[in-house]
1. Among (1) without any contact (Cβ under 8 Å) to a residue 24 or more places away in the chain; (2) under 23 Å from His105 (Cα atoms), which single condition is Ala180 missing?
2. Does the range 61-83 contain any residue that is more than 16 Å from Val186 (Cα to Cα), out of contact with any Gly (no Cβ under 7 Å at 6 or more places or on another chain) and of a type in the set (Gly, Ala, Ser)?
3. Testing Leu193 on (1) within 22 Å of Asp14 (Cα to Cα); (2) assigned to a helix (DSSP H, G or I); (3) at pLDDT 95 or above, one condition comes back false. Which one is that?
4. Residues Tyr161, Tyr129: which one is crowded, with 19+ Cβ neighbours inside 10 Å, under 29 Å from Gly205 (Cα atoms) and without any contact (Cβ under 8 Å) to a residue 24 or more places away in the chain?
5. When the residues of the range 26-44 are narrowed to those that are in a loop (DSSP other than H, G, I, E, B) and touching a residue at least 12 places away in the same chain (Cβ under 8 Å), which ends up nearest to the chain's Cα centre (by Cα)?
6. Have a look at Asp5, Asp14 and point out the one that is more than 15 Å from the chain's Cα centre (by Cα), modelled with pLDDT under 95 and either more than 26 Å from Thr189 (Cβ to Cβ) or among the acidic types (Asp, Glu) (or both).
7. Checking the condition touching a residue at least 12 places away in the same chain (Cβ under 8 Å) and of a type in the set (Asp, Glu), which residue from Asp115, Asp57 passes?
8. Can you pull out the residues in the range 17-52 that are open to solvent by less than 10 Å² (accessible area, probe 1.4 Å) and of a type in the set (A, V, I, L, M)?
Amino acid sequence: MSAADPPKLMVAADAEALAHTAAERMMARIAANPSQIRICLTGGSSPKRLYQLLGSDAWRSKIPWDRVHWFIGDERFVPDSDPLNNMAVARATFLDHNAPSGHIHPIPTTTDNPDRSADVYARELQGFYGAERLDPARPLFDMVLMGAGPDGHTASLFPGYPAIEETKRWVVGVPKANVAPFVPRVSLTLPALASCHEMLFEIAGHDKQAILTRLLNGENLPALRARSNGETVWLVDRAALPEGIRGGR
């Protein structure tokens, strides 16, 4: 599959089944790599149940914690003690109790501004990758988790914002968000997010039905433009499906 191919649509019965399917796909990606594994997490509400599963007794024993490094696709420019901080939620839910501290790679938010944080995180990613340019044949991440906002944004790449068109930088500062919370952000760019074996969107709940309809209709929104150089999967639950296809998939 290439970035030009359409995403694969997978339907789960409900949000709980969706989280279990996401966990199973993550385990498959981990099992496919016998060396260092890099997973890019996401924030917002969509991955919370998945993170709870990963920290549970039933799932954490399946993860080779000493080989997995955890990154994040975007961050709100708030202190890591702030409940709005994306990585802080992931850390509290499953990472801090299981992952070696040196394997958790948050976007720094103690710099002067989001652009400075973006530069620092880009250098960290490039250090892990071993190059300053991405090679489509050598993905940066094993898996990138994604979500879709009500306006069609993904990570902190908002419709109409210049960050969407970035082709060279790996990480950018976003001075103002298009949706609440209205705080500055730091986000990986589309090329950096695309550098993965699998990009997995989690889209669940009736409140996502409107934006999923727009995406399935091919509207040119960031969540549609975000594609893996490998496999792109939209994992949705039935509540999020448009009425016209709910019964037929």
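1. (2)
2. As a first pass, look at the range 61-83 and keep what is more than 16 Å from Val186 (Cα to Cα): 61-70, 81, 83.
Checking which are out of contact with any Gly (no Cβ under 7 Å at 6 or more places or on another chain) leaves us with 61-70, 81, 83.
Still in the running and of a type in the set (Gly, Ala, Ser): 61, 81.
The answer is yes; a qualifying residue exists.
3. Condition (1) is where Leu193 drops out.
4. On the way: Tyr129 fails: under 29 Å from Gly205 (Cα atoms).
Every option except Tyr161 fails the conditions.
5. Taking the range 26-44 as the starting set, the residues that turn out to be in a loop (DSSP other than H, G, I, E, B) are 32-36, 42-44.
If we keep only those that are touching a residue at least 12 places away in the same chain (Cβ under 8 Å) too, we end up with 32-33, 35-36, 42-44.
Values: Ala32: 19, Asn33: 19, Ser35: 22, Gln36: 19, Thr42: 4, Gly43: 7, Gly44: 10 Å.
Out of the qualifying residues, it is Thr42.
6. Every option except Asp5 fails the conditions.
7. Working: Asp57 fails: touching a residue at least 12 places away in the same chain (Cβ under 8 Å).
None of the other options fit; the residue is Asp115.
8. Passing the criteria: Leu18, Ala19, Ala22, Ala23, Met26, Ile30, Ile37, Ile39, Leu41, Leu50.
The values are calculated or read from the model by the stated rules, or taken from the named source; none is laboratory data. Here the structure is a predicted model, which means the values were calculated and not measured. All Cβ positions, even for glycine, are placed from backbone atoms using ideal geometry, and neighbour counts span all protein chains on display. Heavy atoms of the whole protein, side chains included, go into the accessibility calculation; ligands, DNA and RNA do not. Shrake-Rupley method; radii C 1.70, N 1.55, O 1.52, S 1.80 Å.
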